[in-house]
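Notes follow the structure.
The values are calculated or read from the model by the stated rules, or taken from the named source; none is laboratory data. Everything numeric in this text was worked out from a predicted model, so none of it was measured. Reconstructed Cβ throughout: ideal geometry from the backbone, glycine too, with neighbour counts over all protein chains shown.
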Amino acid sequence: MNTSEARLTTLDPAEISKELDRNGVAIIRNFVPAQELKRTQDTIKSIASANNGEYVFIEGTDGLDGTFLETWARDPAMLAFGRAVCEHALRRSLPSIAGRQTVRILCGESGQAESLIFHYDSYVLTALIPVIAPEAGSGGDFVIFANRRPLRRTYLRNLVDRIGLDNKIVQRSLRHRYADGAFVRVPLEPGSLCLFWGYRSVHTNDRFRPDQIRCTAILHFVDPHANSVFKRALRRSGRAKPPRSQPLSDKNHEQYHNLTR
Ligand SMILES: O=C(O)CCC(=O)C(=O)O
Ligand SMILES: [Fe+2]
């Protein structure tokens, strides 16, 4: 049994689910063993420098061999835990589930452009592991206004919420509210596991100094609208997924927000 597996088995999914309803986030400290974290940080730093210190987005495990991110998304203990927590949220049992892993390596000016973009995720539960935090005092907190909407019954209703957020005027007003202290800031603790209801919570990351690296690994669990006929029809209508692993141009970035969050 590895350390993270041992930690997960001591957690009660029902309690975590209540904590997320009550507090918005649950944080499990020292989730990733120090040595594995260090190895992963080294790999991430070399991926960032191979891309001239600019933003890299990885969907899946490309380039992450030998790090904990090679196996995290298929770790049976993690999947069982994510599933059990989602079952509490959905109040029904789920067949076995898969986690959708993304890794955001934010750095340089392109990394700043990815910051303070407020959104809801498409998935019920989000598990986030900070891998590299910017130096203390240089910004980059995780930012959340938790549990702002219920799980919607239909994909269309969900889309209305998301389109309501995804425009310049609303984004600007959220930034003002953020500057006025309306959101909760969660400082990044590398190696901790941060859980929140991604679907229900407006969230983003704070800006930070562009000479710093901010890397988070994210595992999304359970798309409540996966079987929506309307959603499938929209996807079929020709909008491609972003490339698997490369800095996102504005266009791809927009697709990432629209399609996968
Ligand atoms: O990197 C972060 O702090 C948040 C990332 C996020 O919300 C997402 O990728 O859906
Ligand atoms: Fe998100």
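In the stretch 165-207, the qualifying residues are those that are at pLDDT below 95 and among the small types (Gly, Ala, Ser), and the one that is nearest to Glu87 (Cα to Cα) is Ala182. Inside the stretch 212-235, residues that are in contact with a Cys (Cβ under 8 Å, 6 or more places away or on another chain) and more than 9 Å from ligand 1 (Cβ to nearest atom) make up a count of 4. Filtering the stretch 167-182 to residues that are closer than 11 Å to Ile117 by Cβ and in contact with a strand residue (DSSP E or B) (Cβ under 8 Å, 6 or more places away or on another chain) leaves only Leu174.
For (1) exposed (fewer than 14 other Cβ atoms within 10 Å of the Cβ); (2) within 16 Å of ligand 2 (Cβ to nearest atom); (3) in a helix (DSSP H, G or I), each residue gets a yes or a no:
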residue: Gln171; (1), (2), (3): no, yes, yes
residue: His176; (1), (2), (3): yes, no, yes
residue: Ala182; (1), (2), (3): yes, no, no
residue: Leu188; (1), (2), (3): no, yes, no
residue: Gly191; (1), (2), (3): no, no, no
residue: Leu195; (1), (2), (3): no, yes, no
residue: Tyr199; (1), (2), (3): no, yes, no
residue: His203; (1), (2), (3): no, yes, no
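Residues being away from ligand 2 (no atom under 16 Å from the Cβ), touching a Lys or Arg at 6+ places or on another chain (Cβ under 6 Å) and not in a strand (DSSP E or B) are represented in the stretch 87-95 by at least one member.
Residues checked against (1) within 22 Å of Arg232 (Cβ to Cβ); (2) without any contact (Cβ under 8 Å) to a residue 12 or more places away in the chain; (3) within 14 Å of ligand 2 (Cβ to nearest atom):
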{"residue": "His119", "(1), (2), (3)": "yes, no, yes"}
{"residue": "Tyr123", "(1), (2), (3)": "yes, no, yes"}
{"residue": "Val131", "(1), (2), (3)": "no, no, no"}
{"residue": "Gly140", "(1), (2), (3)": "no, no, no"}
{"residue": "Ile144", "(1), (2), (3)": "no, no, yes"}
{"residue": "Arg152", "(1), (2), (3)": "yes, no, no"}
{"residue": "Arg157", "(1), (2), (3)": "yes, yes, no"}
{"residue": "Val160", "(1), (2), (3)": "yes, yes, no"}
{"residue": "Lys168", "(1), (2), (3)": "no, yes, no"}
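When you look at Ala146, is it more than 29 Å from Glu70 (Cβ to Cβ), within 16 Å of ligand 1 (Cβ to nearest atom) and surrounded by 15 or more Cβ atoms within 10 Å (Cβ to Cβ), yes or no? In short, yes.
Filtering the stretch 1-14 for residues that are within 18 Å of the chain's Cα centre (by Cα) and surrounded by 14 or more Cβ atoms within 10 Å (Cβ to Cβ) leaves an empty set. Taking residues in the stretch 180-201 that are under 25 Å from Ala14 (Cα atoms), and partners anywhere that are away from ligand 1 (no atom under 11 Å from the Cβ) and of a type in the set (Lys, Arg), the pairs with Cβ atoms closer than 6 Å and at least 6 places apart or on different chains are Ser192/Arg29; Arg200/Arg149. Summed over the stretch 210-232, residues that are among the aliphatic types (A, V, I, L, M), assigned to a strand (DSSP E or B) and surrounded by fewer than 23 Cβ atoms within 10 Å (Cβ to Cβ) total 1.
Against the conditions (1) within 16 Å of ligand 1 (Cβ to nearest atom); (2) modelled with pLDDT under 95; (3) more than 25 Å from Arg185 (Cβ to Cβ), Ser96 satisfies every one except (1).
Ile47 meets the stated requirement of being out of contact with any Pro (no Cβ under 8 Å at 6 or more places or on another chain), surrounded by fewer than 20 Cβ atoms within 10 Å (Cβ to Cβ), β-branched (Val, Ile, Thr) and in a helix (DSSP H, G or I).
Hey, among Gly137, Gly164, which residue is away from ligand 1 (no atom under 16 Å from the Cβ) and assigned to a helix (DSSP H, G or I)? Gly164 is the lone residue from the list that is away from ligand 1 (no atom under 16 Å from the Cβ) and assigned to a helix (DSSP H, G or I). Residues in the stretch 96-125 that are buried (at least 22 other Cβ atoms within 10 Å of the Cβ) and part of a strand (DSSP E or B): 4 in all.
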